[in-house]
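The values are calculated or read from the model by the stated rules, or taken from the named source; none is laboratory data. Computed from a predicted model, the values in this text were never measured in an experiment. Cβ coordinates were reconstructed from backbone atoms using ideal geometry, including for glycine residues, and neighbour counts include every protein chain displayed. These accessible areas exclude ligands, DNA and RNA; they are computed on the full protein's heavy atoms, side chains included. Shrake-Rupley method; radii C 1.70, N 1.55, O 1.52, S 1.80 Å.
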Amino acid sequence: MMKHIFQKGTNPEKPTLLLLHGTGGTEQDLLPLAELIDKEANLLSVRGNVSENGMPRFFKRLAEGVFDEEDLIFRTNELNAFLDEAAAKYEFDRNNIVAVGYSNGANIAASLMFHFQDALRGASLHHPMVPRRGIELPNLTGKSVFISAGTNDPICPSQESEELKSLLENAGTTVELHWENRGHQLTYSEVEAAAQWYQSL
């Protein structure tokens with residue numbers, strides 16, 4: 001079991017929000033953000049199992065922006081298996097999980113979609129990168145993704161966001177790409193935009 005927090009929602013019809021923090025974050029980080037998106041949904045907030053100089057992450061990297069692909073695949077499988085376990089343990093609908101991820105958390109959420117057809121119903125990806133290139137994505141028809149990106153993001157150049165959008169769209173996903181005239185930080189206005197996207201699911 002991965003270290004996590006589960007909070008049962010008040011409306012069982014709502015999705016379970018899977019919260020995935022950025023590098024150096026914890027399972028506490030995105031709880032306030034989830035409140036803004038849906039007060040009635042289950043919350044499953046997970047801590048990454050990898051430590052980089054004491055900072056929790058969801059998978060290893062070789063350098064800034066250079067992913068350890070082997071570890072990424074291993075950790076993506078691990079997280080997907082954890083979601084199976086958590087759905088059984090907490091009795092929520094495994095087919096109705098919407099990820100909300102920031103930075104490293106957004107990358108592992110995108111990786112779930114790149115590797116598994118039914119890992120997620122949708123995802124709100126804040127400042128993600130393309131998790132892998134040169135692989136065939138599963139058929140993601142009916143899935144929905146929100147991507148927020150910063151025009152001045154030093155870690156994640158704008159073409160990265162555009163490429164992720166087109167890869168997901170080519171696999172059948174409906175993608176909304178939201179731009180902020182900012183850097184890599186998570187902004188209130190992009191969370192508001194994500195909340196509006198979420199209402200349309």
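Structure data summary
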quantity	calculated
Selection count, segment 140-156, where residues are part of a loop (DSSP other than H, G, I, E, B) and either small (Gly, Ala, Ser) or open to solvent by 50 Å² or more (accessible area, probe 1.4 Å) (or both)	6
Scan of segment 8-42 for residues that are over 16 Å from Arg94 (Cβ atoms) and in contact with a helix residue (DSSP H, G or I) (Cβ under 8 Å, 6 or more places away or on another chain), ordered by number	Leu19, Leu20, His21, Gly22, Thr23, Gly25, Leu30, Leu33, Leu36, Ile37, Asp38
Some residue of segment 164-182 being over 20 Å from Ile97 (Cα atoms), touching a residue at least 24 places away in the same chain (Cβ under 8 Å), of a type outside the set (A, V, I, L, M, F, W, C) and in contact with a helix residue (DSSP H, G or I) (Cβ under 6 Å, 6 or more places away or on another chain)	yes
Which numbered condition Glu160 misses (of (1) open to solvent by 50 Å² or more (accessible area, probe 1.4 Å); (2) over 19 Å from Asp38 (Cα atoms); (3) acidic (Asp, Glu))	(1)
Residue ID - surrounded by the most Cβ atoms within 10 Å (Cβ to Cβ), chosen from residues in segment 187-200 that are of a type outside the set (S, T, N, Q) and out of contact with any Ser or Thr (no Cβ under 8 Å at 6 or more places or on another chain)	Val191
Selection count where residues are open to solvent by 60 Å² or more (accessible area, probe 1.4 Å) and closer than 17 Å to Asn107 by Cα, scope segment 164-185	3
Selection within segment 104-130 - assigned to a loop (DSSP other than H, G, I, E, B) and open to solvent by 10 Å² or more (accessible area, probe 1.4 Å)	Phe116, Gln117, Asp118, Arg121, Met129
Sole exception among (1) crowded, with 17+ Cβ neighbours inside 10 Å; (2) in contact with a helix residue (DSSP H, G or I) (Cβ under 7 Å, 6 or more places away or on another chain); (3) assigned to a loop (DSSP other than H, G, I, E, B) for Arg94, by number	(1)
Close pairs (7 angstrom Cβ cut-off, 6 or more residues apart or separate chains): more than 17 Å from Gly101 (Cα to Cα) in segment 50-79, open to solvent by 70 Å² or more (accessible area, probe 1.4 Å) anywhere	Asp68/Lys60; Asp68/Leu62; Asp71/Lys60
Residue that is nearest to Glu27 (Cα to Cα), among those in segment 48-91 that are of a type in the set (Gly, Ala, Ser) and buried (at least 17 other Cβ atoms within 10 Å of the Cβ)	Gly48
